[in-house]
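Q: If you scroll down you'll find the structure; I have some questions about it.
The values are calculated or read from the model by the stated rules, or taken from the named source; none is laboratory data. This is a predicted model, so every value here is computed, not measured. Backbone-built Cβ (ideal geometry, glycine too); neighbour counts: all protein chains shown.
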Amino acid sequence: MIQAQGLTRRFGTRLAVDGLDLDVPRGEVFGFLGPNGAGKTTTIRMLAALIAPTSGSAIVAGHRLGEANREIRRRVGVLTETPGLYRRLSARDNLLFFARLYPVREPERQVERYLRLFELWDRRDEPAGSLSKGMRQKLAIARALLHEPEILFLDEPTAGLDPEAAKTVRDLIEALRSKDRTIFLCTHNLDEADRLCDRIGLFRTRMLAVGAPAALKKEMYGRRTVVHLASPSPGIEQALDLPFVTKVERLDDRLIVSLADPDAENPALVRRLVELGAEVRFVNELRVSLEDLYLDLMEGRDAKA
């Protein structure tokens with residue numbers, strides 16, 4: 001659905017996107033994560049055929065960037081970080097205006113469909129500027145979907161929203177999942193990305209890592225068992241001489257043990273600790289957040305070191 005090879009964009013002497021390689025299949029929710037100024041919005045603008053790359057190539061919805069830009073624009077929907085609605089026009093007239101630009105067949109019916117879908121039908125005649133921020137964001141997503149795009153680019157869809165409005169938008173994104181629609185989601189909300197995305201790309205001018213959140217965390221950190229001890233014995237971590245234990249760290253009354261397969265190896269680990277005189281209170285797996293992964297990769301830290 002989206003394939004990019006060496007996609008690069010410069011603004012004068014500033015390198016905004018550096019040799020991006022990317023492959024996003026049809027039906028995937030792909031999270032594009034990175035700090036402010038990393039080049040995420042520039043990437044979206046290139047892939048949506050709104051600006052030209054300096055070099056590199058891309059195929060978007062089956063059409064080559066630079067050769068069939070009009071066809072690409074017909075097949076993508078874009079939600080920018082700011083909704084960009086006409087505040088004095090009603091919610092309905094905002095959508096009708098954009099429906100006629102594409103153009104959309106039966107615009108009146110399509111506008112009504114999306115206003116009802118996003119629970120905005122009862123507010124259809126109110127000026128967009130009078131709606132709450134969450135409602136305006138839903139209206140902007142409806143606008144991006146009017147022409148039934150194959151690819152939906154969402155740039156910070158929950159930025160600046162209160163928790164209730166942000167949850168409404170997240171639920172909406174979840175509802176938009178489809179085997180026929182690809183969603184490309186730029187967000188600073190790492191918990192949001194962890195919950196919504198099939199795969200994520202961590203990006204700072206260049207792509208640092210791509211994969212499913214759980215797989216990336218496992219690759220970066222391995223799997224670790226936390227053993228909670230009632231009365232820690234001095235030096236017990238040095239005596240833990242099992243061949244499948246790759247690393248042991250002591251933290252107060254806990255041992256952090258790195259293992260290849262905790263499900264299979266935890267029983268032997270607990271038995272050996274008891275043999276060494278440890279009083280084991282309970283055992284659980286160390287959970288690593290996407291925030292930990294993000295910060296370590298952005299700062300170039302090796303979490304396994």
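Q: From the list Phe97, Phe153, Phe184, exactly one residue is assigned to a helix (DSSP H, G or I) and in the same structural domain as Val29 (by TED's automatic domain parsing). Which is it?
A: One residue alone meets the criteria, Phe97.
Q: What is the residue count in segment 2-34 for residues that are in contact with a Phe, Trp or Tyr (Cβ under 9 Å, 6 or more places away or on another chain) and among the aliphatic types (A, V, I, L, M)?
A: 7
Q: Can I ask one more? Name the pairs whose Cβ atoms lie under 7 Å apart, with the first residue in segment 270-299 and closer than 20 Å to Pro35 by Cα, the second part of a loop (DSSP other than H, G, I, E, B) and modelled with pLDDT of 85 or more, and 6 or more positions between them or separate chains?
A: Close Cβ pairs satisfying both conditions: Met298/Pro35.
Q: For segment 59-85, which positions are outside any strand (DSSP E or B), of a type outside the set (Asp, Glu) and either more than 20 Å from Leu22 (Cβ to Cβ) or touching an Asp or Glu at 6+ places or on another chain (Cβ under 6 Å) (or both)?
A: The answer is Ala61, Arg70, Arg74, Arg75, Thr80, Thr82, Pro83, Gly84, Leu85.
Q: Residues of segment 261-285 being aliphatic (A, V, I, L, M) and more than 19 Å from Ala239 (Cα to Cα), which ones?
A: Ala264
Q: Residues of segment 124-149 being more than 15 Å from Asp93 (Cα to Cα), assigned to a loop (DSSP other than H, G, I, E, B) and not small (Gly, Ala, Ser), which ones?
A: Listed by number, the residues that qualify are His147, Glu148, Pro149.
Q: On to the next question. Please give the helices (runs of 4 or more DSSP H) falling wholly within segment 233-305 in which 3 or more residues are within 20 Å of Leu202 (Cα to Cα) and not aromatic (Phe, Trp, Tyr).
A: By residue number, 290-298.
Q: Also: Arg113 - would you say it is at pLDDT 90 or above, in a helix (DSSP H, G or I) and not hydrophobic (A, V, I, L, M, F, W, C)? If you could, list the steps in order and put the result at the bottom.
A: Details: at pLDDT 90 or above: yes; in a helix (DSSP H, G or I): yes; not hydrophobic (A, V, I, L, M, F, W, C): yes.
Criteria met by Arg113.
Q: While we're on this one: Does Leu208 fit the bill of being of a type in the set (A, V, I, L, M, F, W, C), closer than 29 Å to Thr42 by Cβ and either in a helix (DSSP H, G or I) or at pLDDT below 90 (or both)?
A: no
Q: Residue by residue through segment 34-61, note down the ones that are of a type in the set (D, E, K, R) and either more than 25 Å from Glu192 (Cβ to Cβ) or within 16 Å of the chain's Cα centre (by Cα) (or both).
A: Within segment 34-61, Lys40 is the sole residue that qualifies.
Q: Checking the condition in contact with a strand residue (DSSP E or B) (Cβ under 7 Å, 6 or more places away or on another chain), surrounded by fewer than 17 Cβ atoms within 10 Å (Cβ to Cβ) and within 14 Å of Ile151 (Cα to Cα), which residue from Gly62, Gly27 passes?
A: Result: Gly27 is the single residue among Gly62, Gly27 that is in contact with a strand residue (DSSP E or B) (Cβ under 7 Å, 6 or more places away or on another chain), surrounded by fewer than 17 Cβ atoms within 10 Å (Cβ to Cβ) and within 14 Å of Ile151 (Cα to Cα).
Q: Only residues in segment 164-178 that are in the same structural domain as Gly77 (by TED's automatic domain parsing) count as the first member; pair them with residues that are in a loop (DSSP other than H, G, I, E, B), Cβ under 6 angstrom, at least 6 apart or cross-chain, and list the lot.
A: Correct list of pairs: Ala166/Thr158; Val169/Pro157; Val169/Thr158.
Q: For the structure I just gave you, tell me whether Arg206 is surrounded by fewer than 17 Cβ atoms within 10 Å (Cβ to Cβ), in contact with an Asp or Glu (Cβ under 8 Å, 6 or more places away or on another chain) and closer than 30 Å to Leu7 by Cα.
A: Details: surrounded by fewer than 17 Cβ atoms within 10 Å (Cβ to Cβ): yes; in contact with an Asp or Glu (Cβ under 8 Å, 6 or more places away or on another chain): yes; closer than 30 Å to Leu7 by Cα: yes.
Spelling it out, Arg206 is indeed surrounded by fewer than 17 Cβ atoms within 10 Å (Cβ to Cβ), in contact with an Asp or Glu (Cβ under 8 Å, 6 or more places away or on another chain) and closer than 30 Å to Leu7 by Cα.
Q: Still on this structure, I have one more. Test Leu216 against the stated conditions and say whether it is within 14 Å of the chain's Cα centre (by Cα) and either more than 18 Å from Thr187 (Cβ to Cβ) or surrounded by 14 or more Cβ atoms within 10 Å (Cβ to Cβ) (or both).
A: Yes; evaluated as a whole, the condition is true for this residue.
Q: Tell me the residue from Ala68, Ala58, Ala38, Ala49 that is of a type in the set (A, V, I, L, M, F, W, C), under 21 Å from Ala159 (Cβ atoms) and assigned by TED's automatic domain parsing to the domain that holds Cys186, please.
A: The conditions single out Ala38.
Q: While we're here: Can you go through Glu67, Glu81 and tell me which one is loosely packed, with under 15 Cβ neighbours inside 10 Å, more than 16 Å from Val24 (Cα to Cα) and among the acidic types (Asp, Glu)? Write out each step before concluding.
A: Values: Glu81 fails: loosely packed, with under 15 Cβ neighbours inside 10 Å.
Exactly one residue qualifies, and that residue is Glu67.
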